[in-house]
Amino acid sequence: MKKLQTAIRYECLTSVKYIWIFYTIMLSIVAAVFITLKLCLGNNENISMSALENSSIIYIGILGVMGFTEDFKMLIQNGFTRKYIFISTISMFMFIAAVLAFFDTIIGSVAPLVMTEYKNFFGLIYGIKNQYLLNWLLLFLTYTFVSSVTYFFVVLFNKIGKYFFIAFMVALGIILGFIVPLLFVYVIPENVIQNIFTFLSRIAGFTSDGTINYLYPIASLIIGAGIFGGITYLILRRTELKT
């Protein structure tokens, strides 16, 4: 148990400095763009941006890709089991997701004071306003889900190799971008398509009576992260680091 705590502490502490770097860069860019537009357009123009959380989604997705090789190599060389490596990595993702969600919730509540038309990520989707705990929870689960997906792909890449992974991604792209649309247009009956979209809207939380049930997206994100995390662990148990 002490080794597991050591691995978790290592993963979380090494990630803190990158969070500060990320927010410093992001907020500097946002401030520079805002000031430039203000100077160019004048004070009478309403300048607004929305959903800055997209930057955090990209960041944690990249983190899921970049954080595998060196950490896996270091922990394996220091006698940590793959189970401990997996748990510590997921713990790191959840820690970063919680921190990002916290700061993004604060930014989302402060930004409208400067940009009156600003809406946060889930404000655009659900119209969430001044529901800070709910916003934090949805962001936390979204970031955790995204990191689980990218972690799955990088572990799969390491397991099957570059060429098989490229072939897999090409095949996946063809299926999602070509075959599935053709099936929707020419093969699948219209009522089935309607049922599919109804199901997707339900798991997103939109109900038939026009209200929003937030338990559905919360459960969907937890289940999705659990599925990708479980598959990743099964792959990681038998993987060797490729150089």
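The values are calculated or read from the model by the stated rules, or taken from the named source; none is laboratory data. This is a predicted model, so every value here is computed, not measured. Methodologically, a virtual Cβ is constructed for each residue, glycine included, from the backbone with ideal geometry; neighbour enumeration extends over all protein chains shown.
Any residue in segment 126-136 that is closer than 20 Å to K17 by Cβ and either part of a helix (DSSP H, G or I) or under 18 Å from the mean Cα position of the chain (by Cα) (or both)?
First, the residues of segment 126-136 that are closer than 20 Å to K17 by Cβ: none.
No, segment 126-136 has no match at all.
Quick check on my filter: what residues within segment 130-157 are more than 18 Å from I87 (Cβ to Cβ) and modelled with pLDDT under 90?
Of everything in segment 130-157, those that are more than 18 Å from I87 (Cβ to Cβ) and modelled with pLDDT under 90 turn out to be N130, Q131, Y132, F153, L156, F157.
Report whether or not F164 is closer than 30 Å to F86 by Cα and either surrounded by fewer than 14 Cβ atoms within 10 Å (Cβ to Cβ) or modelled with pLDDT under 85 (or both).
Values: closer than 30 Å to F86 by Cα: yes; either surrounded by fewer than 14 Cβ atoms within 10 Å (Cβ to Cβ) or modelled with pLDDT under 85 (or both): yes.
Yes.
Does segment 159-171 hold any residues that are touching a residue at least 40 places away in the same chain (Cβ under 8 Å) and either in contact with an Asp or Glu (Cβ under 8 Å, 6 or more places away or on another chain) or of a type in the set (G, A, S) (or both), and which are they?
So the first thing to find is which residues in segment 159-171 are touching a residue at least 40 places away in the same chain (Cβ under 8 Å), and the list is 159, 161.
G161, the sole residue that qualifies.
Search segment 209-226 for residues being aliphatic (A, V, I, L, M) and in a helix (DSSP H, G or I), and hand back the single one that is surrounded by the fewest Cβ atoms within 10 Å (Cβ to Cβ). Step through it out loud before you land on a result.
As a first pass, look at segment 209-226 and keep what is aliphatic (A, V, I, L, M): 212, 215, 218-219, 221-223, 225.
Within this subset, residues satisfying the condition of being in a helix (DSSP H, G or I) are 215, 218-219, 221-223, 225.
Numbers: L215: 9, I218: 15, A219: 14, L221: 21, I222: 13, I223: 12, A225: 24.
Taking the candidates together, the pick is L215.
Just for segment 62-90: of the residues that are crowded, with 17+ Cβ neighbours inside 10 Å and small (G, A, S), which one is modelled with the lowest pLDDT?
By that ranking, first place goes to G67.
Say whether the condition of being surrounded by 12 or more Cβ atoms within 10 Å (Cβ to Cβ), within 22 Å of K83 (Cβ to Cβ), among the hydroxyl-bearing types (S, T, Y) and modelled with pLDDT under 85 is met by at least one residue in segment 227-239.
Looking for residues that are surrounded by 12 or more Cβ atoms within 10 Å (Cβ to Cβ), within 22 Å of K83 (Cβ to Cβ), among the hydroxyl-bearing types (S, T, Y) and modelled with pLDDT under 85, one finds at least one in segment 227-239, hence yes.
Go through (1) within 15 Å of the chain's Cα centre (by Cα); (2) at pLDDT 85 or above; (3) over 28 Å from I235 (Cα atoms) for L52 and report which single condition fails.
(2)
Are there any pairs, at least 6 apart or on different chains, whose C-beta atoms fall under 7 Å, with the first in segment 113-132 and small (G, A, S) and the second at pLDDT below 80, and if so, which?
Matching pairs, first to second residue: G123/K129.
Any residue at all in segment 2-13 that's within 18 Å of V146 (Cα to Cα), touching a Ser or Thr at 6+ places or on another chain (Cβ under 8 Å) and either at pLDDT 80 or above or exposed (fewer than 14 other Cβ atoms within 10 Å of the Cβ) (or both)?
Within segment 2-13, none of the residues are within 18 Å of V146 (Cα to Cα), touching a Ser or Thr at 6+ places or on another chain (Cβ under 8 Å) and either at pLDDT 80 or above or exposed (fewer than 14 other Cβ atoms within 10 Å of the Cβ) (or both).
Determine whether segment 93-113 contains at least one residue that is in contact with a Gly (Cβ under 8 Å, 6 or more places away or on another chain) and not small (G, A, S).
Within segment 93-113 (the criterion being in contact with a Gly (Cβ under 8 Å, 6 or more places away or on another chain) and not small (G, A, S)), the answer is yes, since at least one residue qualifies.
Suppose we keep only residues that are among the charged types (D, E, K, R) and surrounded by fewer than 19 Cβ atoms within 10 Å (Cβ to Cβ) within segment 99-138. Which one would you say is farthest from A204 (Cα to Cα)? Break it down into steps so the answer makes sense when it comes.
Here is the first cut: in segment 99-138, the residues among the charged types (D, E, K, R) are 104, 117, 119, 129.
Those left that are additionally surrounded by fewer than 19 Cβ atoms within 10 Å (Cβ to Cβ): 117, 129.
Working: E117: 24, K129: 18 Å.
Filtering segment 99-138 for residues that are among the charged types (D, E, K, R) and surrounded by fewer than 19 Cβ atoms within 10 Å (Cβ to Cβ), the one farthest from A204 (Cα to Cα) comes out as E117.
Which of the residues belonging to segment 167-182 are modelled with pLDDT of 85 or more and within 20 Å of the chain's Cα centre (by Cα)?
Of everything in segment 167-182, nothing turns out to be modelled with pLDDT of 85 or more and within 20 Å of the chain's Cα centre (by Cα).
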